[in-house]
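Everything below concerns the one structure shown next.
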Amino acid sequence: MKIAVIGKGGSGKTTVAGVLARCLARAGREVVALDCDANPNLGISLGVGLDMTEQLAGIRQSLEDGGVEHAPTPEELLSRFGAPAPDGVRLAVVTKIDQPNPG
Amino acid sequence: MGAAPAALKVAFVDKGGAGKSALAGTVCRQLARRGHRVLALDVDTMPGLAVSLGMPPEGARLPAGLAERVEGKGWQVVKGARPAQLVDRYAAWAADGVRVLELGKLPGQVEPSVTVAFRHVMERFRRPGWTLVADLAAGTRQAMFGWAHFARIIVVVADPSAKSALTTRRLLPVATHLVANKVGCASDLEAITAAVPLQLLGAIPYDEALAEAERRGLAPIDFAPDSPAMIATEELVSRLIREAS
Ligand SMILES: Nc1ncnc2c1ncn2[C@@H]1O[C@H](COP(=O)(O)OP(=O)(O)OP(=O)(O)O)[C@@H](O)[C@H]1O
Ligand SMILES: Nc1ncnc2c1ncn2[C@@H]1O[C@H](COP(=O)(O)OP(=O)(O)O)[C@@H](O)[C@H]1O
Ligand SMILES: [Mg+2]
Ligand SMILES: [Mg+2]
């Protein structure tokens, strides 16, 4: 089962996605939560905390910067830049965040 | 006669949902009531400034074709497309005489020639006595791509949430000032100012009147002009004016 949560900014996408992921995991499903926001913060709604959320975005960014070689399979990618979240959910940031210093 | 006062140019950025549009719209109206000529720019590709300004949600946009691709030079604004004339011709009128221009919705309305012309207006509009207020898209992307550079004052709007703290931290390289919004208690304000090492220009209380205005699709300043949040934004406007001079 694949679920995408979309909507207006501030309307609760991330909150709903986080709760969905945790509820499905509690119901016994294996859940991978993907943060596709250029400004990723799903980690906070899932409950992994501010620091881990920021770290995950950083790992994703370093991949883009060539700091880490691209892994060939989705499983390897997940194990590389995914993180365990409560209830057994696995979280990965899949969008590139932008360089802090333009120009 | 002294030198003309420096133009007030302000950009609002935030996480999304922290209150950029509500505050930017109110600031525009209050500046206009104080006698400023105001150009309000909705740069958000999910536009919402019009409602906060108190006008119909279909905003005024620049037409396509004001910029073209030139061999070897990339996109260029066409000859004769002067920012002041584009504003006169295409910007809508909001209450209190505020002029409003909207970049356009994604997907579909924002084609390259419109984007290029809009950015040209933002960066080159220099009419004495005018104030520019821009409401950027939520998050970090637009700000990181220079869409706030036209402004001397780049306000990051932060609410007391952890998500807002995270985004605000990511916006630190571009932001110049902080406005704390949806402040419920003293510890909210402390949490925001502790997380953000920028000069605080205003602390706007959490105000149910703003939420109600939003439900009705009305500008806060029209729905509840004397509410605590509107009084706090008056103070913000005074600080913005002082900061620009
Ligand atoms: N049902 C709800 N009741 C009360 N508050 C809510 C509800 N759903 C979401 N919120 C709050 O609304 C705010 C925005 O939620 P969230 O971050 O999930 O939005 P989003 O759609 O992901 O926004 P963005 O587009 O900025 O990523 C958060 O402070 C969240 O706690
Ligand atoms: N000080 C405040 N008190 C209560 N609600 C507020 C306040 N500021 C903004 N809001 C509400 O928060 C929501 C998001 O505000 P909005 O200005 O649309 O945010 P943004 O433009 O940053 O996405 C709206 O429903 C708005 O009415
Ligand atoms: Mg979100
Ligand atoms: Mg908005």
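The values are calculated or read from the model by the stated rules, or taken from the named source; none is laboratory data. All figures in this text were calculated on a predicted structure; none of them were measured in a lab. Neighbour counts run over all protein chains shown; Cβ positions are idealised from the backbone, glycine included. Protein only, heavy atoms only, side chains kept; ligands, DNA and RNA dropped before computing areas. Shrake-Rupley method; radii C 1.70, N 1.55, O 1.52, S 1.80 Å.
Annotations
- Whole-Hz couplings from phi, Karplus 6.51/-1.76/1.60, listed for region A:77-83; x for Gly and Pro: 4, 4, 5, 7, 10, x, 9
- Loss of accessible area when B meets A, both sides summed, Å² nearest 100, probe 1.4 Å: 1600 Å²
- In the context of the full set of protein chains, chain B has a per residue accessible area of 44 Å² (1.4 Å probe).
- Only alpha carbons enter this Debye calculation for region B:36-152, each as an equal point scatterer, and the log10 of I(q)/I(0) it gives at q = 0.09, 0.15, 0.16, 0.19 Å⁻¹ is -0.22, -0.63, -0.73, -1.04.
- Delta accessible area of at least 40 Å² on complex formation, residues of region B:137-174, 1.4 Å probe, chain isolated as reference: B:Arg141, B:Met144, B:Lys163, B:Leu166, B:Arg169, B:Arg170
- Computed over the Cα atoms of the protein assembly as shown, pair by distinct pair, the Kirkwood hydrodynamic radius stands at 21.4 angstrom.
- Within the straight-line cut-off of under 16 Å between alpha carbons, the lysines reachable from A:Lys13 are A:Lys2, B:Lys15, B:Lys163, sequence neighbours fewer than 8 places apart in one chain being disregarded.
- Cα Rg, Dmax (largest Cα-Cα span) when computed across chain B, Å: 17.5, 58
- Efficiency of FRET from Cβ geometry, B:Ala209 and B:Lys79, R₀ 45 Å, rounded to 0.05: 0.40
- Distant-in-sequence amide H partners of B:Ala11 (H built 1.01 Å from N, under 5 Å): B:Ala134, B:Ile153, B:Ile154, B:Val155
- Taking amide H atoms as placed 1.01 Å from N in the peptide plane, the amide H of A:Asp35 lies under 5 Å from those of A:Ala92, A:Val93, A:Val94, each 5 or more residues away in sequence or on another chain.
- Cα long-axis angle, helix B:228-244 against chain B (0 to 90 degrees, to the nearest 10): 60 degrees
- Part-to-part distance (alpha-carbon centres) for region B:155-212 and region A:7-38, which is given in Å: 25 Å
- Hull-based mean projected area of region B:150-245, where the convex hull spans the alpha carbons, in square nanometres: 6.8 nm²
- Interface residues in region A:27-50 - accessible area drops by 40 Å² or more relative to the isolated chain, probe 1.4 Å: A:Asn39, A:Asn41, A:Ile44, A:Leu50
- With θ taken as phi - 60° and the Karplus curve 6.51 cos²θ - 1.76 cosθ + 1.60 applied, the whole-hertz 3J(HN,Hα) list for region B:183-191 is 7, x, 7, 4, 6, 4, 5, 4, 4 Hz, x standing for glycine and proline.
- The fraction of accessible area contributed by carbon and sulfur in region B:9-244 is 53 percent, rounded to a whole number (1.4 Å probe; ligands and nucleic acids excluded).
- Table column - 3J(HN,Hα) (Hz), region B:192-198, Karplus curve with 6.51, -1.76, 1.60, x for Gly and Pro: 5, 5, 5, 7, 10, x, 10
- For region A:13-93, accessible area per residue (1.4 Å probe, heavy atoms of protein chains only), Å²: 53 Å²
- For region A:13-93, alpha-carbon Rg and Dmax in angstrom: 12.4, 38
- With Cα atoms, 0 to 90° folded angle of helix B:20-33 axis to chain B main axis: 80 degrees
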